[in-house]
Amino acid sequence: MQKRRVVILGSTGSIGTSALKVARDIPDRMEIVGLAAGTSADALALQAREFNVRNLCIFDPSKADELARALPGAQVETGEEGLCRLAQLPEADMVLISIVGTAGLRPAFAAIEAGKDLAIASKEILVMAGQIVMEKARRAGVRVLPVDSEHNAIFQCLNGNHGGPEAVSRLILTASGGPFRTWKKEDLEHVTLEQALKHPTWSMGRKITIDSATLFNKGLEMIEARWLFDVPMEKVDVIVHPQSIVHSMVEYQDGTVLAQMSSSDMCFPIQYAVTWPDRVPNSLKQLNFAEIGRLVFEAPRPDAFPALDLARRAGASSSTMAAVYNAANEVAVDAFIHGRLPFPGIWKLVEAVMNDHSPEDPCGELAPILKADQWARQRAAELIPSLSRPS
């Protein structure tokens, strides 16, 4: 049995802490050799002591001395360069990237260049630069293993498919529908931040929780799936499944549908990414079908939640539009959190920024993507005042 030596970039966030739970559960298959966090020096130090990790990165350089004092003898890196060095750690087999925002892009490229397998939980990497990342990984012989529960489910359902992408009729991503799936469209104007942060299934950070409420999270996942599994955007579909038991499905050309199911716990997809292609016993909660009773599926409501249609438009080509979709949404969510946009203003702002963008083909380069990202953030900030009041 192979033990994977793993670097976790974003170890103090929800995915990172779940990954450490997996490492505790299967110590004979997973060893932590590097850890990185944004600003949480205390939490990072505690993790490093528990797992005896000496290679660390704290993105905020002002916290480096504090971390070094807490861990004498540790190698402490900082900033983006530090993340890249950690991603190329000689003793690592795999780099798990769960950094929010664009900060995971360059470390992902660095890991690929060093021949490390990637376990990806950061949506921005594949949304913004999916074509480039997958092409680089193929050339380097590096595996890109999805950690998102939906993409990990599709990955599992595709195992054993000998027909390639052509044999796939649809990739069906499941969505919980968020807390407002039954609300009338006109009532969404009055959604409060407190209401938007009450996700019915998962406990997550504020940004991703609000993205789940707007369905932008699912839109980003559609674009990710398009690149991860090498299918055109029209083959990526979404179904609302409030119980979050079926994590996603694959429909094949013969009409057969394969689904992956488990309890709602991110440790399942993280463990499979680490132990693939093996399946390993663990202490996680198993499904009890008698308790579940029945599974519910509903069609999404694009009239009330336009994020999915906008994602189809953004992901239809290999242009900079997907980066604009992602960046404008980040600005919009931040504006909603700080009371500067109503809830429906999130998708209205994203659509307005997309309408103003002239997409270009990045031609395999990261610079045009980052340029479009910055342009979208600036344009979104300029447009917020015009959408700040309910129409």
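Among residues of the stretch 171-192 being open to solvent by 20 Å² or more (accessible area, probe 1.4 Å) and farther than 26 Å from residue 265 by Cβ, the one that is nearest to the chain's Cα centre (by Cα) is 192. When residues in the stretch 298-322 are screened for being closer than 22 Å to residue 379 by Cβ and open to solvent by 60 Å² or more (accessible area, probe 1.4 Å), 4 of them pass.
In the stretch 196-223, the residues that are closer than 19 Å to residue 309 by Cβ form Cβ pairs under 6 Å with partners that are at pLDDT 85 or above and of a type in the set (D, E, K, R), at six or more places apart or across chains, as follows: 217/211; 220/123; 221/150. Within the stretch 343-391, the set of residues being within 25 Å of the chain's Cα centre (by Cα) and in a loop (DSSP other than H, G, I, E, B) comprises 343, 344, 357, 359, 360, 361, 362, 363, 364, 365, 366. Residues in the stretch 5-21 that are hydrophobic (A, V, I, L, M, F, W, C), within 22 Å of residue 209 (Cβ to Cβ) and crowded, with 24+ Cβ neighbours inside 10 Å were compared, and the one that is nearest to the chain's Cα centre (by Cα) is 15. Taking residue 89, is it outside any helix (DSSP H, G or I), touching a strand residue (DSSP E or B) at 6+ places or on another chain (Cβ under 8 Å) and open to solvent by less than 20 Å² (accessible area, probe 1.4 Å)? Considered against the rule, which asks whether it is outside any helix (DSSP H, G or I), touching a strand residue (DSSP E or B) at 6+ places or on another chain (Cβ under 8 Å) and open to solvent by less than 20 Å² (accessible area, probe 1.4 Å), residue 89 comes out as yes. Inspect the stretch 44-51 for any residue being open to solvent by less than 10 Å² (accessible area, probe 1.4 Å) and under 18 Å from the mean Cα position of the chain (by Cα) and give the result as yes or no. The answer is no; no qualifying residue exists. In the stretch 293-300, the condition of being of a type in the set (Asp, Glu) and not in a helix (DSSP H, G or I) is met by at least one residue. Return yes when residue 173 is farther than 23 Å from residue 312 by Cβ and in contact with an Asp or Glu (Cβ under 8 Å, 6 or more places away or on another chain) and no when it is not. Spelling it out, it is not the case that residue 173 is farther than 23 Å from residue 312 by Cβ and in contact with an Asp or Glu (Cβ under 8 Å, 6 or more places away or on another chain). Scanning the stretch 262-292 for residues that are over 25 Å from residue 94 (Cα atoms) and either within 21 Å of the chain's Cα centre (by Cα) or not in a loop (DSSP other than H, G, I, E, B) (or both) gives 263, 289, 290, 291, 292. If you go through the stretch 26-37 and keep only what is touching a helix residue (DSSP H, G or I) at 6+ places or on another chain (Cβ under 8 Å) and either open to solvent by 50 Å² or more (accessible area, probe 1.4 Å) or part of a loop (DSSP other than H, G, I, E, B) (or both), you end up with 26, 29, 31. Residues that are closer than 21 Å to residue 325 by Cα, open to solvent by less than 10 Å² (accessible area, probe 1.4 Å) and aliphatic (A, V, I, L, M) within the stretch 133-152 comprise just one, 133.
Residue count for the stretch 323-342, restricted to those that are surrounded by fewer than 20 Cβ atoms within 10 Å (Cβ to Cβ) and either hydrophobic (A, V, I, L, M, F, W, C) or part of a helix (DSSP H, G or I) (or both): 2.
The values are calculated or read from the model by the stated rules, or taken from the named source; none is laboratory data. Since the structure is predicted, the reported quantities are computational estimates derived from the model, not experimental observations. Neighbour counts are summed over all protein chains in view; Cβ atoms, including those assigned to glycine, are modelled from backbone coordinates with ideal geometry. Surface areas here come from the heavy atoms of the whole protein model, side chains and all, with no ligands, DNA or RNA. Shrake-Rupley method; radii C 1.70, N 1.55, O 1.52, S 1.80 Å.
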